[in-house]
Amino acid sequence: MIFEHLALLGRRRSGLRESPSISEVREDVFFVEGPASNWTIVREGNEFILIDSGYPADGFRLMESIRALGLQPRRAAAMLITHAHSDHVGSASHFSRFFGTPILAAPAELPHLAGEEQHRVTVPQVLASAGRGATLPWLVHAVRAGGLKKNDVQGRPWDPELLAALPGGPVAVPTPGHTPGHTSYLLPRARAIATGDAVVTGHPTSGRAGVQLLHPMFHHEPELVRTSLSALAELNATVILPGHGPTAEGPLSALLAPLVS
Ligand SMILES: [Zn+2]
């Protein structure tokens, strides 16, 4: 374990890194854009939560983003998982094993998180849509960043009381479809919502900007993704923190209207 941690630090000093982009979208709510997926840090004093954690290869960027806010990784109160795809849970195993951080997810997502189930697009499926956007460079990046790594995380199910006591007082909003237990997290005081891959604002396979759904090949149940959007559209939030692409500002109902109707 200690070697794993040192390896992260070593990579951080290797000079190969691109620094993550960090923006404080609301007081103490920090949105971090990694090279190909995003994570959120919600701070309260010396403690914080993470929502997702990028690809496995983003580990040093994740540490850098935490330290840039004056925080210590070992003070992570929890890591909330939107879904267990490798571009979102890349450092979950490390935080669980090295810092004892609780890794919280929907009950239906726990087998995926543990590697007992798999719900991901295959390389041939991606190649079949290779004419779209920057699909091929993205695929190379995804594989090199650890996108094919098998999950091995023992997560715990979130529950409302547990979440309410965490920094930001997050509320779990089940948004199944992308994966069986996909969850969005509402930060009620900040009126911000981390939507994971239930709704995004860009992706290399899309080639266009703006609030949108990922290509259906990425979804476990595409129809259910649309049903989940209706639940999101009713929430009182004024900024989307997506799993891919930049933040989107505006009332959630208005931002999602073109996708829901
Ligand atoms: Zn993703």
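A few remarks follow.
- Filtering LEU259, LEU252, LEU235 for residues that are of a type in the set (A, V, I, L, M), modelled with pLDDT under 95, more than 16 Å from the ligand (Cβ to nearest atom) and more than 18 Å from the chain's Cα centre (by Cα) leaves a single hit, LEU259.
- For region 133-169, a residue qualifies if it is surrounded by 15 or more Cβ atoms within 10 Å (Cβ to Cβ) and of a type in the set (Lys, Arg), and the qualifying residues are LYS149, ARG156.
- Residue within region 170-189 that is aliphatic (A, V, I, L, M) and within 16 Å of the ligand (Cβ to nearest atom) present: no
- Flag for ALA142 being under 24 Å from LEU241 (Cα atoms) and within 16 Å of the ligand (Cβ to nearest atom): yes
- Selection count, region 65-111, where residues are charged (D, E, K, R) and touching a strand residue (DSSP E or B) at 6+ places or on another chain (Cβ under 9 Å): 2
- Scanning region 112-121 for residues being under 14 Å from THR82 (Cα atoms) and without any contact (Cβ under 8 Å) to a residue 60 or more places away in the chain gives a total of 1.
- Residues located in region 139-169, provided they are among the β-branched types (Val, Ile, Thr) and outside any loop (DSSP other than H, G, I, E, B): VAL140, VAL143
- Lone unmet requirement of (1) within 16 Å of the ligand (Cβ to nearest atom); (2) farther than 30 Å from VAL123 by Cα; (3) aliphatic (A, V, I, L, M) for ILE240: (2)
- Selection of first residues in region 76-90 that are under 17 Å from VAL225 (Cβ atoms) and of second residues that are open to solvent by 20 Å² or more (accessible area, probe 1.4 Å) and near the ligand (Cβ under 10 Å from one of its atoms), restricted to Cβ pairs under 8 Å at least 6 apart or on distinct chains, gives the following pairs, ordered by first then second residue: HIS85/ARG120.
The values are calculated or read from the model by the stated rules, or taken from the named source; none is laboratory data. Only a predicted model underlies this, so the values are computations on that prediction, with no experimental measurement involved. Every residue, glycine as well, gets a Cβ built from its backbone with ideal geometry; the counts of neighbours run over all protein chains shown. The protein model used for the area step is the full one, side chains on, heavy atoms only, and it has no ligands, DNA or RNA in it. Shrake-Rupley method; radii C 1.70, N 1.55, O 1.52, S 1.80 Å.
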